[in-house]
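Asks: Just dropping this structure here.
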Amino acid sequence: MNDKPKIGLALGSGSARGMAHLGVLKALEEIGIDVDMVSGCSAGALIGGLYCSGISPNMIKGLAIEIDKKMWLDFTYPKKGIIKGDKIEEILKIITCSKKIEDLHKKLAIVATDLKSSQEVIFTEGPLYKAIRASISIPGIFEPVIYKGKVLVDGAVIDRVPISVLKNLGADIIIAVDVGYSRFNIRVTDIFDIIMQSLEVMSKSIMETDLIYADILIEPPLTHIEPSSFEAVEECSRIGYESTMAVKEQLINLIANYHRKST
């Protein structure tokens, strides 16, 4: 009898702070926790999607450090957003080798928001690069993605840390990672901060409802890092790693307790 629990990992939004997810993934691998399924929103969709496509955390970190902003920033007349998004979509298409979500080696769910229906859209199939591009489309920053009759933007509008998504996919144990804004010491210095903080306020109550499905919540202390500080890859990754290692025993006990209950 195979009593291995299906382990789900929910990676939340947080823009540059999402690089902390890399440290979380590295720590889980070192602890020996094999994640079966990942759900991701915005930055979590980016990191989770690349990871599930077979790219290691270290390689993703290398890409994040090496890819210059000028390579993916295509500013446009701000009618629907200040960044067109075509460049980053093309980069994602190349990096993921145009893989489809249903063909990945781990189960993946990417969350976006449809502005036309005001509903959450969960990608579990279709082009990986298109799903990631939709999920990272911060309203006002990136132009929305028009896909199959939907107008798609950042999933954080509705579901900042997609926890219940994993429950619906059949996860037995859910590890949630919230790298979003802290409730304290919030600094609003530019339009990017204003938009990110607005998303945080909108999604706060929804996430609190979702938390009942999480077996453990990892909250790396990232308050001091601006969401636009994309150069802080190493620091964010280190903090994510340390925050996960700090709950190492809890994670091991979670899995051990599941084994005991199932025997």
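Asks: Treat every Asp and Glu Cβ in the range 101-148 as -1 and every Lys and Arg Cβ as +1, leave all other atoms uncharged, and give the resulting dipole magnitude about the Cα centre to the nearest 20 debye.
Replies: Using only the charged Cβ atoms, the result is roughly 40 debye.
Asks: Highest first, please rank the peptides 14-25, 43-54, 234-245, 218-229 by the mean number of other Cβ atoms sitting within 10 Å of their residues.
Replies: 14-25, 43-54, 234-245, 218-229
Asks: Could you provide, to the nearest whole Å², the per residue accessible area of the range 83-141 with probe 1.4 Å?
Replies: Accessible area per residue, the range 83-141: 45 Å².
Asks: Quick check: at a probe of 1.4 Å, how many percent of the accessible area of the range 90-130 sits on carbon and sulfur atoms?
Replies: Numbers: 1050 of 2180 Å².
Ligands and nucleic acids excluded, carbon and sulfur give 48 percent.
Asks: So, counting K/R as plus one and D/E as minus one, what does the shell of residues with Cβ under 11 Å around Leu108 add up to?
Replies: Net local charge, Leu108 excluded: 0.
Asks: Tell me, what is the 1.4 Å probe accessible area of Cys97, in Å² to the nearest 10?
Replies: Surface accessible to solvent at Cys97 totals approximately 100 Å².
Asks: What whole number of Å gives the distance from the Cα centroid of the range 98-136 to the Cα centroid of the range 1-23?
Replies: 16 Å
Asks: Multiplying the sequence separation of Thr209 and Ser117 by 0.36 nm and subtracting their Cα-Cα distance, what value in nm do you get?
Replies: 31.0 nm
Asks: Mind checking which of Gly170, Ile122, Pro144 is farthest towards the positive end of the range 120-181's charge dipole, using Cβ charges of +1 (Lys, Arg) and -1 (Asp, Glu) about the Cα centre?
Replies: Pro144
Asks: Another one. Give me the distance in nm between label points sitting 7 Å out from Cα along the Cα-to-Cβ direction at Ile94 and Thr124, one decimal.
Replies: 3.3 nm
Asks: What ranking do 55-62, 129-136 get when scored by the average of other Cβ atoms within 10 Å per residue, highest first?
Replies: Taking the mean over residues of other Cβ atoms within 10 Å, the ranking is 129-136, 55-62.
The values are calculated or read from the model by the stated rules, or taken from the named source; none is laboratory data. Just so it is clear, the model here is predicted, and its values are computed rather than measured. Here Cβ is always computed from backbone atoms with ideal geometry, including for glycine, and neighbour counts include all displayed protein chains. Surface accessibility is based on the protein's heavy atoms, side chains included, excluding ligands, DNA and RNA. Shrake-Rupley method; radii C 1.70, N 1.55, O 1.52, S 1.80 Å.
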